[in-house]
Each structure stands twice: as C-alpha cells, then as structure tokens.
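Beneath this line is the structure, given in structure tokens, with notes to follow.
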Amino acid sequence: MDARQRARMMVAHTVFQALRSADFRNDTPETNASGERVIVPALLDDTMGEFFDQFVAAQGTIYIAALEGTDVVVITMAPAHTARHAAPSEEECPIHRRTELAMVIEYLRARRRPVKFCEAPSNVLLELVDERPAVQV
C-alpha cells in the first residue's frame, strides 16, 4: 500500500466515524438511483475527472469527502437539470477533468453558493478570429 492509498484509507476511516453522527447523516441525505448514499473518500490533489466518472457510474448524487488537516470537507455532486435548448447561464462553470479537488473547494468557498459545473471537453482549442475589413466585391 503506497502513501496515497494510506491517505485515502485515513479519509475513509474519518468518514466512517463521522457517519456515526446524526448531524453528518442529515447533511448528506441524497442517494443515487439505487437508493444508496455514495460518499467518495478523496485527496485534495485528486482530479475532478475521477469524480465525474464516479458520478456517471452512480447515476445520481455523490458526496466527495476530503481531509483538510483534521477537518472533513464534503462537497455534493448532484444532477443539474437544464432546459434542452437553454443558453448557458452565468452560473455555469466549465471544469476540466484534470482540475484538482482543492481548487474546486476554494472556488465554492469564494462563491458561497452552489455552482453548476459542466465538464469541459478535452482537446478543444479556442481562438479569437481577428476582425478583418469587409471585402469589396
């Protein structure tokens, strides 16, 4: 067992202890499509791609739990429903698969409200096309 696996086991152990508390259970009430409460033990430098994959596999809400010192930090990843042809809102925030969990936690703390994240496609290059004078015909 390497250091990362030991650290993840420590997170899992801390979460199991927290689950004994009714307050913790009340703060994590959502279940996935199978009726299970999914809590993923995580490290702050884990990437969001891992969680996107687990979210899809769970077919519903998952909780991501990490340790900051001795404190357990939990974020919820839940389905967000948007109208099929709705334009992206200012509340939507694209996030890349390789973004670390710590960055997402800090962003959520700064926003102080839920944020609708969407997985940003990989291997996409965006470039502003220079405005050129109209061509005379």
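For Y107, all conditions in the list (1) in a loop (DSSP other than H, G, I, E, B); (2) farther than 24 Å from D2 by Cα; (3) at pLDDT 75 or above hold save one; what is the number of the exception?
Every listed condition holds for Y107 apart from (1).
Going through the stretch 34-60 one residue at a time, which ones are touching a strand residue (DSSP E or B) at 6+ places or on another chain (Cβ under 8 Å), β-branched (V, I, T) and surrounded by fewer than 19 Cβ atoms within 10 Å (Cβ to Cβ)?
Residue satisfying the conditions is T47 alone.
Could you figure out which of (1) of a type outside the set (A, V, I, L, M); (2) surrounded by 12 or more Cβ atoms within 10 Å (Cβ to Cβ); (3) closer than 15 Å to M77 by Cβ isn't true of P29?
(2) is the only condition that P29 fails.
Considering each residue of the stretch 32-47, count those that are without any contact (Cβ under 8 Å) to a residue 40 or more places away in the chain and touching a helix residue (DSSP H, G or I) at 6+ places or on another chain (Cβ under 7 Å), and give that number.
Going through the stretch 32-47 one residue at a time, the tally reaches 5.
Here are some residues: E68, E92, E100. Which one is of a type outside the set (A, V, I, L, M), modelled with pLDDT of 85 or more and surrounded by 13 or more Cβ atoms within 10 Å (Cβ to Cβ)? Walk me through it before giving the result.
Values: E68 fails: surrounded by 13 or more Cβ atoms within 10 Å (Cβ to Cβ); E92 fails: modelled with pLDDT of 85 or more.
The match here is E100.
The values are calculated or read from the model by the stated rules, or taken from the named source; none is laboratory data. Since the model is a prediction, treat every value here as computed from it, not as a measurement. Please note: Cβ atoms are built from the backbone with ideal geometry, for glycine as well, and neighbour counts cover all protein chains shown.
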